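*Asks:* Mind looking over this structure? Questions follow.
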Amino acid sequence: MNKEGNNMKEVKLTQEQINAIFDFTRKKYVRYYDVQLELVDHIASEIEVLMGEDPNLSFDKAMYKVYKSFGIFGFAKVVEQKGSALRKFWKRRIVTFLLEYFTFPKVVMTLLLSVGFYGLFWILPLIAMDTFYWQGISWGISWGMVMVLQILYFKLRKKRKEEVKLLVVESLEGTQWMAVIWLWMPIYSIPVGQMDLGYALLNSLIFAVFSILIYGVLFVFPTWLEDEVKTYYTHLRPQSA
Amino acid sequence: MIDPKLLRGSLNTIIIKLLSERNEMYGYEITQHVKDITAGEVQLTEGALYPALHRLEGKGILSTELRNVGNRVRKYYRLTEAGKTEVVHQMTAMEDFIKSMQLILNPKLV
């Protein structure tokens with residue numbers, strides 16, 4: 001009996017009906033399991049109430065009625081805004097991760113890397129070869145770093161058994177590649193091998209931070225996902241397991 | 001029923017306030033609870049509620065937990081420590097907003 005005192009039949013959806021809602025969300029282009037889970041529970045809860053209030057209402061009709069309540073954009077707005085919120089979240093974590101390398105004791109690592117790159121791009125050109133070649137070498141090294149990063153990253157990624165698509169994973173990957181591009185760009189715009197100390201220090205520092213970011217992408221950021229992924233995998237729906 | 005456009009700016013406050021009183025809630029429960037306590041005047045649309053919940057989660061104001069409930073999985077939201085501090089800020093901001101609106105709409109009453 002509900003609050004108003006009307007006799008409302010309690011409806012509990014069957015596993016087949018829950019699966020039908022999962023299929024429905026996929027048909028409506030919700031590709032991510034973490035988003036599907038929440039939508040399915042919401043839709044199922046609403047369907048149970050609607051079917052309880054009106055025993056003549058079919059499951060399909062109730063499901064469509066609930067879908068309509070999501071508005072003209074359907075589930076797209078939910079997926080888009082969750083993605084946007086997650087990207088902001090990861091961006092903050094990546095920035096915090098990089099900023100840690102400007103505080104003691106990690107700043108020692110940043111300084112050592114900067115000194116290393118300074119030696120490579122400014123001291124070596126003075127004693128060997130033309131600065132023209134060192135510009136090319138600098139670009140070559142940054143290209144090489146990105147290539148190695150991609151090869152290693154996708155090798156490591158293949159090792160992770162991915163049973164379902166998760167927005168939480170995809171949003172971190174999108175954000176980390178954006179960060180790589182953002183730090184990679186200035187390397188091209190700052191000439192190397194010149195005597196200007198400002199340029200030299202800035203370029204060396206950017207190379208150092210770029211290296212730290214690459215380390216993060218390969219070894220730190222994947223650990224951020226471990227708990228999230230594990231949580232979703234322990235809640236895989238029966239036919240997905 | 002209150003125009004959803006008017007609610008848009010207050011959605012975060014509603015969510016945070018409810019979670020400060022109920023410890024943890026899931027999405028559908030929030031929509032139903034708001035509907036119940038306002039006698040149907042405030043109806044949160046799903047298209048607005050979930051993006052708001054996800055934004056608050058992304059900002060670290062809410063944390064979540066997945067739990068099996070019958071034959072499906074339910075995502076529960078609760079306030080983080082940062083979220084508990086945010087309740088005070090949000091409530092103060094909302095009270096100031098209501099007072100200011102009163103000044104504009106009903107200057108004689110104030």
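*Asks:* Angle between the Cα long axis of helix A:221-234 and the longest principal axis of chain A, 0 to 90 degrees, nearest 10?
*Replies:* 20
*Asks:* Apply the Karplus parameterisation 6.51 cos²θ - 1.76 cosθ + 1.60, with θ equal to phi minus 60°, to every residue of region A:135-150 and state each ³J(HN,Hα) to the nearest whole Hz, in sequence, with x for glycine and proline.
*Replies:* Those phi angles translate into 4, x, 5, 4, 5, x, 5, 5, 4, x, 4, 5, 4, 4, 4, 4 Hz.
*Asks:* Follow-up. Using r as the Cβ-Cβ distance of residue A:133 and residue A:219, and R0 as 30 Å, what FRET efficiency do you calculate, to the nearest 0.05?
*Replies:* FRET efficiency, residue A:133 to residue A:219: 0.40.
*Asks:* If you roll a 1.4 angstrom probe over the protein chains with everything in place, what fraction of the accessible area of the protein assembly as shown belongs to carbon and sulfur, to the nearest %?
*Replies:* 62
*Asks:* Same structure, new question: May I ask you to compute the full-extension gain from residue B:8 to residue B:43, defined as 0.36 nm times their residue separation minus their alpha-carbon distance, rounded to one decimal in nm?
*Replies:* Extending this stretch completely gives an extra 11.5 nm.
*Asks:* Return the FRET efficiency for the residue pair residue A:177, residue A:231: r is the Cβ-Cβ distance, R0 is 22 Å, and the value is rounded to the nearest 0.05.
*Replies:* 0.35
*Asks:* Would you mind giving the total buried accessible surface between chains A and B, with a 1.4 Å probe and ligands, DNA and RNA left out, rounded to the nearest 100 Å²?
*Replies:* Counting protein atoms only, the buried area is about 2400 Å².
*Asks:* Using all alpha carbons of chain A, what is the percent of pairwise distances in each 5 Å bin, ordered from the shortest bin to the longest?
*Replies:* 1, 5, 11, 12, 12, 11, 9, 8, 7, 6, 5, 4, 3, 2, 2, 1, 1, 0, 0
*Asks:* While we're here: Quick one: which residues, 5+ away or cross-chain, put their amide H under 5 Å from the amide H of residue B:62? H built at 1.01 Å from N.
*Replies:* B:57, B:80
*Asks:* So which lysines pass the test for residue A:28, namely a Cα distance under 19 Å, with those fewer than 8 places away in the same chain ruled out?
*Replies:* List returned: A:61, A:65, A:68, A:77, A:82, A:165.
*Asks:* For residue B:35, give me every one of the lysines with a C-alpha distance below 16 angstrom, ignoring sequence neighbours fewer than eight places off in its own chain.
*Replies:* A:3, B:17
*Asks:* Follow-up. How high is the relative contact order of region B:4-105, in percent, with contacts defined as C-alpha pairs under 8 Å that are six or more residues apart?
*Replies:* Rounded, it is 31 percent for region B:4-105.
*Asks:* Helix B:46-58 sits at what angle to the longest principal axis of chain B, using alpha carbons and giving 0 to 90 degrees rounded to 10?
*Replies:* Tilt relative to chain B: about 80 degrees.
*Asks:* Quick check: the distance between the Cα centres of region A:202-222 and region A:135-154, to the nearest angstrom?
*Replies:* Value for the Cα centre distance between the two parts: 12 Å.
*Asks:* Continuing with this model, one more query. By how many degrees, 0 to 90 and rounded to 10, does the Cα axis of helix B:27-37 deviate from the longest principal axis of chain B?
*Replies:* Taking the Cα atoms of chain B, the angle to B:27-37 is about 40 degrees.
*Asks:* Quick one: compute the contact order of region A:15-74, relative version, from alpha carbon pairs under 8 angstrom and 6+ residues apart, as a percent.
*Replies:* Result for region A:15-74 is 28 percent.
*Asks:* Another question about this same structure. What whole number of Å gives the distance from the Cα centroid of region B:1-53 to the Cα centroid of region B:57-110?
*Replies:* 9
*Asks:* Pairs of Cα atoms under 8 Å, at least six residues apart: use those to get the relative contact order of region A:78-240, whole percent.
*Replies:* Reported as a whole number, the value is 37 percent.
*Asks:* Would you mind listing how long region A:15-74 runs along its three principal axes, going by Cα atoms, in whole Å with the largest first?
*Replies:* That works out to 32, 28, 15 Å along the principal axes.
The values are calculated or read from the model by the stated rules, or taken from the named source; none is laboratory data. Treat the numbers as computed from the prediction; the structure is a model and nothing was measured. Because the Cβ atoms are built from the backbone with ideal geometry, glycine has one as well, and the counts that use them run over all protein chains shown. The area values use the complete protein model at the heavy-atom level, side chains included, leaving out ligands, DNA and RNA. Shrake-Rupley method; radii C 1.70, N 1.55, O 1.52, S 1.80 Å.
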